[in-house]
Amino acid sequence: MSILDVKVIQDYIRMCNDGWLQGWHERNGGNLTYRMKPEEVEECRPYFQKPGPWIDMGVSGINLAGEYFITTGSGKFFRNVILDPEHSIGIVEINDRADSWRIVWGLEGNAKPTSEFPSHFMNHSVRSKVTNGKCRVIYHAHPPNLIAMTYILPLSAREFTRALWKSATECPVVFPDGVGVVPWMVPGGTEIARATSQVMEKYDVAVWAHHGLFCSGPDFDTTFGLMHTVEKSAQIYNLVMSSGQGRVRQTITDDNLRAIAEEFGVTLNEEFFGEPEID
Ligand code: 13P
Ligand code: ZN
């Protein structure tokens with residue numbers, strides 16, 4: 001037995017590799033964190049090493065005191081996670097004040113958690129609160145079609161939500177609350193972490209202009225599926241805009257959206273209705 005035989009570690013590694021295979025993780029692009037269940041911590045504990053020092057995060061989230069997270073390492077390549085997990089990923093414990101982490105497994109060779117750990121941590125704090133503890137996964141990727149959209153659409157939740165909902169029929173069912181947008185900011189710090197977590201109070205998806213996407217969810221499949229759905233819709237949007245040279249002959253109407261919501265039993269965010277239809 002090794003920690004690599006534990007199911008949650010295998011599932012985490014599979015998700016990293018699936019993201020790599022999609023082309024969303026050039027070089028060290030993107031990062032993934034998972035808030036472990038108590039029983040998963042106990043399954044992994046026999047393999048924990050002597051803990052490293054506590055490192056201040058610059059942010060805090062008291063509802064996450066004492067939690068354990070699996071995280072990708074800063075500067076580590078998603079394509080290497082499956083080949084060399086011990087150097088590419090690790091487990092960190094959060095202290096009682098919920099403002100510092102320490103490494104308890106992995107991240108060998110002096111590696112550190114992702115530079116976006118403050119954003120992940122604050123997003124976990126907020127999403128855990130608004131989902132009554134259901135949210136466990138925060139996933140950041142660099143999907144190219146979604147990034148391309150941030151150069152041509154106004155950077156608002158309304159514009160992005162409507163464009164994505166109307167580019168593939170099942171999108172409103174997958175993200176009925178819509179998507180939030182964070183304007184361009186310097187990545188890797190506490191400022192972008194705070195801005196993203198504010199957006200994540202309302203949405204489980206946050207666009208980072210000219211950079212990428214953050215998705216959150218209760219498990220690996222749902223969160224990966226959310227990223228995949230948003231990116232595929234963005235791809236269709238870009239195909240339509242480029243092949244039609246900006247002209248759209250017909251689209252999914254607001255009434256169509258309402259009909260989908262009724263059929264699938266979801267409540268769509270009403271803020272995003274009411275724009276004149278394209279003729
Ligand atoms: P890390 O290698 O530190 O995870 O950074 C990658 C990234 O995508 C930054 O936004
Ligand atoms: Zn990034």
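Tell me, what does the Kirkwood hydrodynamic radius of the stretch 103-156 come to in angstroms if you use every pair of distinct C-alpha atoms?
14.0
Let a ≥ b ≥ c be the square roots of the eigenvalues of the Cα gyration tensor of the stretch 205-260; is it rounded (a/c under 1.5), or, if not, prolate (a/b larger than b/c) or oblate?
Cα axes put the stretch 205-260 in the oblate bin.
Kindly give the semi-axes, whole Å and largest first, of the ellipsoid equivalent to the chain, taking each as the square root of 5 times a Cα gyration tensor eigenvalue.
Working through the eigenvalues yields semi-axes of 35, 19, 17 Å.
For every helix of n ≥ 4 consecutive DSSP H residues, a contribution of -39,500 (n - 2.57) applies; sum these over the chain, divide by its total residues, and give [θ] at 222 nm rounded to the nearest 500 deg cm²/dmol.
-11500 deg cm²/dmol
Hey, what does the equivalent ellipsoid look like for the stretch 135-182, semi-axes from the Cα gyration tensor as sqrt of 5 times each eigenvalue, largest first, whole Å?
So the equivalent ellipsoid measures 17, 15, 11 Å along its semi-axes.
Taking R0 as 35 Å, what's the FRET efficiency between Glu26 and Ala65 from their Cβ-Cβ distance, rounded to 0.05?
My answer for the efficiency is 0.50.
Given R₀ = 45 Å, FRET efficiency for Leu4-Glu271 by Cβ-Cβ distance, to 0.05?
0.50
Take every DSSP beta bridge whose two residues both sit in the stretch 135-279, then give the antiparallel share in percent to the nearest 5.
Expressed as a percentage, antiparallel bridges in the stretch 135-279 total about 75.
Give me the angle, in degrees from 0 to 90, between the Cα long axis of helix 7-22 and the longest principal axis of the Cα atoms of the chain, rounded to the nearest 10.
That helix lies at roughly 40 degrees to the long axis.
For the chain, set up a GNM with springs between Cα atoms under 10 Å and report which of Val126, Val199, Val173 has the largest fluctuation.
Judging by the Gaussian network model, the answer is Val173.
Which value in nm describes the separation of the simple spin-label points at Asp18 and Ile55, placed 7 Å from the Cα toward the beta carbon?
If labels sit at Asp18 and Ile55, their model points lie 2.8 nm apart.
For labels at Thr251 and Lys134 in the simple 7 Å Cα→Cβ model, what's the distance in nm?
The answer from the label model is 3.0 nm.
Which value in nm describes the separation of the simple spin-label points at Ser74 and His210, placed 7 Å from the Cα toward the beta carbon?
Using points 7 Å along Cα→Cβ, the separation is 2.3 nm.
Of the residues Pro183, Pro172, Pro154, which exhibits the maximal mean-square fluctuation in a Gaussian network model of the chain defined by a 10 Å Cα contact cut-off?
Pro154
Given a Förster radius of 51 Å and the C-beta distance between Phe48 and Glu201 as r, what FRET efficiency does 1/(1 + (r/R0)^6) yield to the nearest 0.05?
The value I calculate is 0.95.
Return the equivalent ellipsoid semi-axes of the stretch 1-100 as a descending list in whole Å, where each equals the square root of 5 times an eigenvalue of the C-alpha gyration tensor.
So the three semi-axes of the stretch 1-100 are 23, 17, 12 Å.
Values quoted throughout were computed directly from the atomic coordinates according to the rules given, and no laboratory measurement underlies them. Treat the numbers as computed from the prediction; the structure is a model and nothing was measured. Because the Cβ atoms are built from the backbone with ideal geometry, glycine has one as well, and the counts that use them run over all protein chains shown.
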